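One structure is given below, encoded as structure tokens.
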Amino acid sequence: MRSKRLLASAAISLLATSAMLSTTASASSNSKTLSFTVYQPYFTKSPLGTAAQKVWTQDMEKYLGVKLNITWDQLPFSTFLGKESTYLASGNLADVSLLTSQQDINTAGNEGAIVNLMPYLKKGDMPYYAKWLKQNDNLAKVESNGHLYYFSNGLYNGPSTQFGTQETWMVRYDIFQKYHIPIPQSLNQVYTDALRLKKLFPKSYPVGSQWAGTGGVINIDTVFAHMNHTEGDVYFNGLKYVFGPSADYGRYKATIEFLHKLYAQKLLDPNFLTISSSQFPSLADSGEFFMVPNGFGEDLNPSQGGSLNTGSFKGQWVAIPVPKNLYGQVSWHNASDGPGYQMDPRWGSVISSKANNIPLLVKLLDYQYSPQIFNLYNYGIQGKTFQLVNGKPQFLPSILKTKNHEPPIDKPLLQKLPVGAGSGIRIGIQWIPENRDAENQMFGLMPVYLHGKITWDGMWSFTSQTSDGLKSVDPNNFAPSLPLSAQQQTQIANDTTALSTYMNEQLAKFILGQESFSQWPQFVKQAESIGNVQQVVSWDNAALKTLETQNHWSYRASVGK
Amino acid sequence: MRGESAPQLVSSTSLRSYPQRAFLRRLIQQKWLIGMTIPAVIFVVLFSYLPMVGILVAFQNYNVFQGVFHSPWVGFQNFQYFFSNPIAWQGFRNTLVLGLLSLLFGFPAPIIFALLLNELTGKRFRKFVQSVSYLPYFISVVIMVGILKDLAAPQGLFNGIAHWFGVQTIQFFADPGWFRPLFVGSGIWQTLGWSSILYLAALTGIDPELYAAAKIDGAGRWKQTLHITLPGLSPTIMILLILSIGSILNTDYQKVLLMQSPSNLETSNVIGTYVYQVGIQNAQFSEAAAIGLALSVVAFILVIGANWAAKKWTEQSLW
């Protein structure tokens, strides 16, 4: 009996000791295994178990000198986006999370819930991320009052894609050609073309919309406002923060008047307020409209599952250069970027303050910005899908297709590997910086109207080469992360819902002619009142000035103004 | 004889404990019934009472990282902000109008439907109609709104009918005037059959002899409905009416969100969608909680008022 007890005690002691040892192993930076949890989205398909993901793990383990034991909590991207508030409200952050709101990130940082990376940056512990932060004033976009809380979404734009965008103007080229209608080069010409098309096709509404927008936002209004160098909100115009409807010398009002003019003369498809991307193809093929200002390049590429120019449809939709604005200037292209190493400050990976092995996690996330992981993420496995030529990655000829108009990359093959944001299967911890050139190649070719004829080009390369450099980019894309107080941020967030609801309702009324433009001053006054707009603008500009003074540099100079 | 002698043997202490023992005895007698209610009680405590602690958030500048017990108190600031906001008032008005319209048209519809079904003599046909009428209830709101959008599209059935009568294309989902009819109408279509189940069940409880007696007295079907069926249904009607009045402000915000577009915000901006935008999209939990609490108070007053009115005028009430 006694010997049994002794045996049991020994077994328990052994188990307890081994449990303690294993706990120590996962918690110590000198350990063999780094265990941590990750909360993030996946896209077309989870990358877990894929060849590229295995290489990512091997590379990481080699660089860090530890084995990785990651518990992945992954949600489809569309679901993930709507869950951030509830995820944060749960109070249980994973060791590494992707947060999709800069305000949430700064709030979490201010409360000490996530790690401040600035000391690591200053000590030189983040050499790869530091390289991205040094470029194009990226640090100013992501820091908050001298703190740095996240690894932001990086993007590299090479010479061929540097000012590109996924959004493009599209026209029914077959109709334009048949009736000798000039491809519009300005918004005024869009109007005259629309009049001609209306005469030819009285039942049509020559200008249509690809989608209505999300959350009650009128997408077409945003596109036209950007073209005219303004926005229907508080935004950074390259010099300071302004409220579009009351600033910009009436440009915003002119935009809405132009849309109303189109609508009143039945030149604008009334579906623009409700159309969904699933309804778009059938309307586009039916001859309901012939010009679309907010098309997506993917739609024009049948080999990529595009919805236009497919099946029994006999016409031809093509991408065209963005027409000049109402003032004869180069339009800002919707959702376009700048050259080189860019950063989208809206979202990024954060490390929980409660995580074990924080220095090692910092090192891991930093390594995702290294050339090795950057190439793996965007081009796949070296030797299998790409090779380095003069130090630059190039897809292997064996997976490139060049005949006719087929995409130059065999996308299904890449999906099997998988690689890249363009393949929809994103390896590693999000975000790893994207290489637009790789995406552009992966996307394939779409029919475009260029220099008076139809040719084939990539989505980003076409929109980039038809841009006018920085003149085509909305300066708001380069807006810095403003050092606002927590109270100011809360107040702005509170006002946002009421303001956007009021704006969308009233803008729809102006466009549809249910509200007279003589009421515009009252509308602006009411909008300013509901959104405490002047206060927000003054806070933003004061914060911008503080930022510029602290950094002894002028932000406006950095965006080419 | 035991019964007669027992009181003489009971002490004063035992007398006080007698009701307790009786209570215990009843508990033991009804242990299975009580056991069956335990899951429901736990459910209500866990999901209805415990979350009420969250009401505190309405009086705080809540910060998820500080939690309910450490976030700063701000008194009625969130309520003041809400009530000083013109968009919120628009939402409140729209919610009330939508709720009243739903009650006005949606509440009598299943009663009328149940009465009509009750008059059907063909048993198989009646069962078929019943089954068909239940089906829309099981369609998810996303699919239902999708169907509605297709029907109301410029090339859809509704406009096809409109064109037949020479009416020009109607942008149903872009016109604020059409939002309420579409919302209420589709709601009736979806819940008509399902909501009639309770009334059909109540109809089976009416004594058939009453109808037989009425027939002998020369009452036709209309008179029978008026003087036997409706009074027989009235307790069920009153209870459901009181409950419906309490939920007037509980608009189906998911359906509204799906049907919303910038051009119909004038009528489709309701408190539910506003709270969704404030709370879920913008993570302003305190303001969202304050709005929710304010609505709950109004709903509570409405239920009390409806119950009082029902008791006064019909002598039937929830309590």
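The values are calculated or read from the model by the stated rules, or taken from the named source; none is laboratory data. None of these values were measured; they are calculated from a predicted model. Here the Cβ is made from the backbone with ideal geometry for all residues, glycine too, and neighbour counts use every protein chain on show. To get the accessible areas, we keep the full protein, side chains included, count just its heavy atoms, and leave off ligands, DNA and RNA. Shrake-Rupley method; radii C 1.70, N 1.55, O 1.52, S 1.80 Å.
Here the stretch B:233-285 and the stretch B:156-197 have alpha carbon centers that stand 19 Å from each other.
What's the FRET efficiency of B:ALA212 with B:SER131 using the Cβ-Cβ distance as r and R₀ = 25 Å, to the nearest 0.05? It comes out at approximately 0.25. Here A:LYS453 sits with roughly 130 square angstrom of accessible surface, probe radius 1.4 Å.
Starting from the 7 Å offset along Cα-to-Cβ, what nm value, one decimal, do you get for the label separation of A:LYS525 and B:GLU119? Spacing of the two 7 Å Cα→Cβ label points: 5.9 nm.
With helices as the sole contributors, chain B gives -21000 deg cm²/dmol at 222 nm; each DSSP H run of n ≥ 4 counts as -39500 (n - 2.57), and the sum is divided by every residue.
In the stretch B:77-314, a dipole from Cβ-located charges (positive for Lys and Arg, negative for Asp and Glu) runs towards its positive end, and of B:LEU257, B:SER186, B:GLN277 it is B:SER186 whose Cα lies farthest in that direction. If you bin all the Cα-Cα distances of the protein assembly as shown at 20 Å, starting from zero, the percentages per bin are 12, 37, 33, 14, 4, 0.
Determine the residues within the stretch B:34-73 where the difference in accessible area between the chain on its own and the full set of protein chains amounts to at least 20 Å²; count protein heavy atoms only and use a 1.4 Å probe. The answer is B:ASN61, B:ASN63, B:VAL64, B:PHE65, B:GLN66 - residues whose exposure falls by at least 20 Å² when every protein chain is included. Round to a whole angstrom and tell me the spacing of the C-alpha centers of the stretch A:229-261 and the stretch A:160-186. The distance from the Cα centre of the stretch A:229-261 to that of the stretch A:160-186 comes to 25 Å. The length gained on full extension between A:ASP174 and A:THR71, counted as 0.36 nm times the residue separation minus their Cα-Cα distance, comes to 31.7 nm.
Within the same chain, lysines fewer than 8 places from A:LYS545 are excluded, and of the rest, those with a Cα less than 29 Å from its Cα are A:LYS122, A:LYS123, A:LYS131, A:LYS134, A:LYS141, A:LYS240, A:LYS253, A:LYS471, A:LYS525, A:LYS561. In chain A, the calculated helix contribution to ellipticity at 222 nm averages -12000 deg cm²/dmol per residue, counting -39,500 (n - 2.57) for every DSSP H run with n ≥ 4. Per-residue surface analysis assigns A:THR546 an accessible area of about 60 Å², computed on protein heavy atoms at 1.4 Å probe radius.
With the convex hull constructed from alpha-carbon coordinates only, the stretch A:44-102 shows a mean projected area of 5.3 nm² over all directions.
Measuring only protein heavy atoms, the 1.4 Å probe finds A:GLU548 accessible over about 30 Å². Accessible area per residue for the protein assembly as shown, computed on protein heavy atoms with a 1.4 Å probe, is 48 Å².
For chain B, the carbon plus sulfur part of the accessible surface works out to 69%, probe radius 1.4 Å.
Counting only DSSP beta bridges whose two residues both lie in the protein assembly as shown, roughly 65 percent are antiparallel. For the protein assembly as shown, the residue among A:LEU273, A:SER85, A:ASN541 whose Cα projects farthest onto the positive side of the dipole built from Cβ charges is A:SER85. Across the options A:PRO119, A:LEU155, A:GLN135, the greatest Cα extent toward the positive end of the charge dipole of the stretch A:104-163 (unit charges at beta carbon of Lys, Arg, Asp, Glu) belongs to A:GLN135.
Going through the cross-link list A:LYS178/A:LYS203; A:LYS261/A:LYS453; A:LYS203/A:LYS314; A:LYS266/A:LYS453, which pairs have a Cα-Cα distance over 24 Å in this structure?
A:LYS261/A:LYS453; A:LYS266/A:LYS453, as the Cα separations exceed 24 Å there.
If the segment from B:ILE143 to B:LEU104 were pulled out straight at 0.36 nm per residue, it would be longer than the present Cα-Cα gap by 11.5 nm.
For the stretch A:66-219, the fraction of 1.4 Å probe accessible surface lying on carbon and sulfur atoms is 51 percent. Interface B-A: total buried accessible area of about 2900 Å², 1.4 Å probe, protein heavy atoms only. Straight-distance candidates among the lysines for linking to A:LYS384, with alpha-carbon spacing under 23 Å and chain neighbours fewer than 8 residues away dropped: A:LYS45, A:LYS54, A:LYS62, A:LYS392, A:LYS401, A:LYS403, A:LYS411, A:LYS416. Out of all Cα-Cα pairs in the stretch B:77-314, roughly what percent, to the nearest whole number, are more than 22 Å apart? Cα-Cα pairs of the stretch B:77-314 separated by over 22 Å account for 63 percent. Using C-alpha pairs below 8 Å separated by at least 6 residues, the relative contact order for chain B is 25 percent. When all protein chains stay in place and ligands, DNA and RNA are ignored, the 1.4 Å accessible-area order of A:LYS134, A:LYS178, largest first, is A:LYS134, A:LYS178. Remark on A:ASN153: its backbone amide H falls under 5 Å from those of A:ASP344, A:TRP347, a criterion applied only to residues 5 or more positions apart or on other chains, H modelled at 1.01 Å from N.
Which lysines have a Cα lying under 27 Å from the Cα of B:LYS255, excluding residues fewer than 8 positions away in the same chain? List returned: A:LYS83, A:LYS509, B:LYS149.
Remark: the stretch B:77-314 carries a charge dipole of roughly 500 debye about the Cα centre, counting +1 on each Lys and Arg Cβ and -1 on each Asp and Glu Cβ. The charge dipole of the protein assembly as shown, taken about its Cα centre with unit charges on the Cβ atoms of Lys, Arg (+1), Asp and Glu (-1) only, comes to about 2120 debye.
Give the residues of the stretch B:59-76 whose amide nitrogen is closer than 18 Å to a point set 7 Å from the Cα of A:ASN92 in the direction of its Cβ. Only B:64-68 fall inside the zone, counting backbone N under 18 Å. Label-to-label distance for B:ALA309 and B:LEU50 is 3.8 nm, based on points extended 7 Å past Cα in the beta-carbon direction. Note on the stretch A:28-105 and the stretch B:48-101: Cα centroid distance 34 Å, given to the nearest whole angstrom. Simple spin-label estimate for A:SER516 and A:VAL330 gives 4.2 nm between the two label positions (7 Å along the Cα-to-Cβ direction from each Cα).
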